[in-house]
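Where a number appears in this text, it was derived from the coordinates with a stated rule and is not lab data. Keep in mind the model is a prediction, meaning the values are calculated, not measured. A quick note on method: Cβ atoms are made from the backbone with ideal geometry, for glycine too, and the neighbour counts reach across all protein chains shown.
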Amino acid sequence: MALPIVNSIISWFLKKRIHQIELFLKYPNDVQNELLLKLTHTAKRTEFGEKHAFKNIKSYTDFIKNVPIQKYESIEPLIERCRKGEQNLFWPSPIKWFAKSSGTTNAKSKFIPVSGEALEYCHMKAGKDMLCLYLHNNPETKLFTGKGLKLGGSSAIYEDNNSYFGDLSAIITENLPFWADYSSAPSQEVSLMAEWETKMEAIIDETIHENITSLVGVPSWMLVLLQRVLERTGKQNILEVWPNLEVYFHGGVNFNPYREQYRKIIPKKDFQYFETYNASEGFFALQDINGSKELLLMLDYGIFYEFIDMKNYQGETSKTIPLSDVKEGIDYALIITTNSGLWRYLIGDTIRFTSLNPYRIKITGRTKHYINVFGEELNIENVEDALKLTCEKTGALITEYTVGPIFMKDKKSGGHEWIIDFTKQPENMNYFTEILDNSLKAINSDYEAKRYNSMTLAMPKIHIARKGLFYDWLKNKGKLGGQHKVPRLSNSRVLLEELLTLQN
């Protein structure tokens with residue numbers, strides 16, 4: 001199909017969709033309140049709805065009075081019954097798909113329900129919005145003259161008691177329309193391969209001679225793929241393989257540690273990077289402006305949002321507020337109620353509002369991803385910002401890292417122990433450590449206070465990871481590809497000890 005025709009069709013769809021987006025931009029709180037009542041009304045005759053008197057819910061106040069905050073453990077029994085064939089437990093329409101997610105801090109598998117409504121009106125809708133908003137920002141794009149390379153996880157679908165589970169990327173791939181194979185690569189057959197190493201080679205085989213114009217996937221794994229493409233082809237950069245490549249849609253992890261490496265491997269000044277924010281539980285936000293580091297919170301994907309101020313975070317007993325009460329510059333834990341039957345579900349992510357008109361956010365980390373063994377309250381954003389400054393000053397490049405505590409012993413101070421995988425090592429590790437320490441002090445006053453005279457915290461201790469260390473750890477855990485990633489911060493030494501054992 002000729003480019004002008006394709007762009008015209010998509011432009012028509014975009015104009016229709018932009019009108020809907022403008023509606024929730026203009027009346028965000030009305031849209032959210034109506035959605036909440038629609039969700040509770042839809043599910044009022046489910047087992048969960050009857051237990052929590054959904055028929056009596058007429059307002060947000062009624063909702064929080066009737067329904068407690070949930071973690072996975074509290075809803076797991078209902079999910080297990082649903083996986084074995086029972087229906088109408090927490091959502092009225094039949095649920096046969098479950099997104100398998102191990103999370104980043106717990107090896108136990110989670111099975112997140114994915115309803116037909118969530119597939120169509122959340123995940124699929126967001127994929128269309130991603131392309132539409134890109135076209136809206138870049139009307140001269142040639143994106144649709146080629147194919148999008150989508151990199152999902154090790155995405156086998158497993159049947160279990162007439163229900164199906166697998167990576168979310170596999171579930172979406174399994175439910176894509178037949179024509180999707182014409183606009184994306186690799187083929188559905190390769191996308192659904194279970195064995196990661198074999199799959200990577202098959203992707204390269206299928207794509208190196210295609211006209212790839214866009215990339216979609218998690219930065220860490222996409223970088224592995226691109227590096228292997230260069231090894232296979234003997235080219236110096238990716239543009240020599242795919243000269244018409246123009247945009248990378250990424251999400252899943254903070255992009256800052258990877259940004260410089262992508263600039264080197266894709267040396268194109270006007271190359272676009274568009275961030276997305278999605279999880280097995282839902283698709284939440286999209287970058288909608290070229291070059292922006294903020295994400296537009298999408299309010300019409302069948303997801304009702306609540307928030308917990310992290311300064312007052314107490315897990316399931318925390319006080320929540322609706323979207324209408326949030327403020328800029330505060331870290332909030334995210335609570336979601338979805339059209340898959342997750343009710344007041346504590347997803348574990350933290351976000352910060354950068355704008356209230358419209359509602360724009362930045363992802364700041366995880367409720368469990370912090371180090372606060374000594375009262376230093378070091379979060380993922382502090383660490384990412386400090387590493388960025390340190391790499392700029394030392395010329396280092398980092399691929400992966402993790403940080404854990406060194407506990408106080410006898411009269412010795414505690415500390416933070418790092419394992420860092422350098423793409424490019426600094427010339428002087430002592431200088432790197434000093435700059436990192438000073439950057440953390442400048443960013444986090446609690447860390448600075450605990451570092452005073454090394455009374456509580458000593459200087460950071462840094463190990464240089466051997467080549468392939470983090471990859472081997474993920475492989476041993478069966479977590480290669482997709483959304484799987486190395487936990488960055490932890491209050492325990494479990495991950496550190498596992499990695500140090502593999503290091504030797």
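In percent, rounded to a whole number, the relative contact order of the range 370-503 is 32, using alpha-carbon pairs under 8 Å and six or more apart. Taking amide H as placed 1.01 Å from N in the peptide plane, N278 has its amide H under 5 Å from the amide H of G252, F284, each at least 5 places away in sequence or on another chain. Over the chain, Cα pairs under 8 Å with separation of 6+ residues give a relative contact order of 13 percent. Bridgeable lysines around K84 (alpha carbons under 20 Å apart, same-chain partners fewer than 8 residues away excluded): K96, K100, K108, K110. Each peptide in 260-271, 338-349 was scored by the mean count of other Cβ atoms within 10 Å over its residues; highest first, the order is 338-349, 260-271.
What's the local net charge at F255, with K and R +1, D and E -1, over the other residues with C-beta under 10 Å away? Write out the running numbers ahead of the final one.
Details: positive: R259, K293; negative: E275, E384.
My count for the surroundings of F255 gives 0.
The alpha carbon convex hull volume per residue for the range 370-503 rounds to 107 Å³.
Each part reduced to its alpha carbon centroid, the range 339-392 and the range 43-103 end up 26 Å apart.
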